[in-house]
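Below is one structure, written out as structure tokens; the observations come after it.
The values are calculated or read from the model by the stated rules, or taken from the named source; none is laboratory data. From a predicted model like this one, the values you see are computed outputs, not experimental measurements. We place every Cβ from the backbone using ideal geometry, glycine too, and count neighbours over all the protein chains shown.
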């Protein structure tokens, strides 16, 4: 087990493969395209510019939106 004080990020791979659809929880918070077949929704990236940048760079390499 890794010590909490040395942890920099926790990635939870919950609900991978779930179809994303607009709901009362997302309306006004995030835009969900009607076709999400080439998208990955990573919650929390607005709080970490470094994580968002890393994810966007990785997505570009493999063709994800």
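If we keep just the residues of segment 1-28 that are surrounded by 10 or more Cβ atoms within 10 Å (Cβ to Cβ) and at pLDDT 80 or above, which is farthest from residue 65 (Cα to Cα)?
27
What tally of residues in segment 1-13 results from selecting those that are in a loop (DSSP other than H, G, I, E, B) and either over 13 Å from the mean Cα position of the chain (by Cα) or within 18 Å of residue 47 (Cβ to Cβ) (or both)?
9
Could you look through segment 34-55, keep only residues that are part of a loop (DSSP other than H, G, I, E, B) and touching a residue at least 24 places away in the same chain (Cβ under 8 Å), and pick out the one that is surrounded by the fewest Cβ atoms within 10 Å (Cβ to Cβ)?
Among those that are part of a loop (DSSP other than H, G, I, E, B) and touching a residue at least 24 places away in the same chain (Cβ under 8 Å), it is 38.
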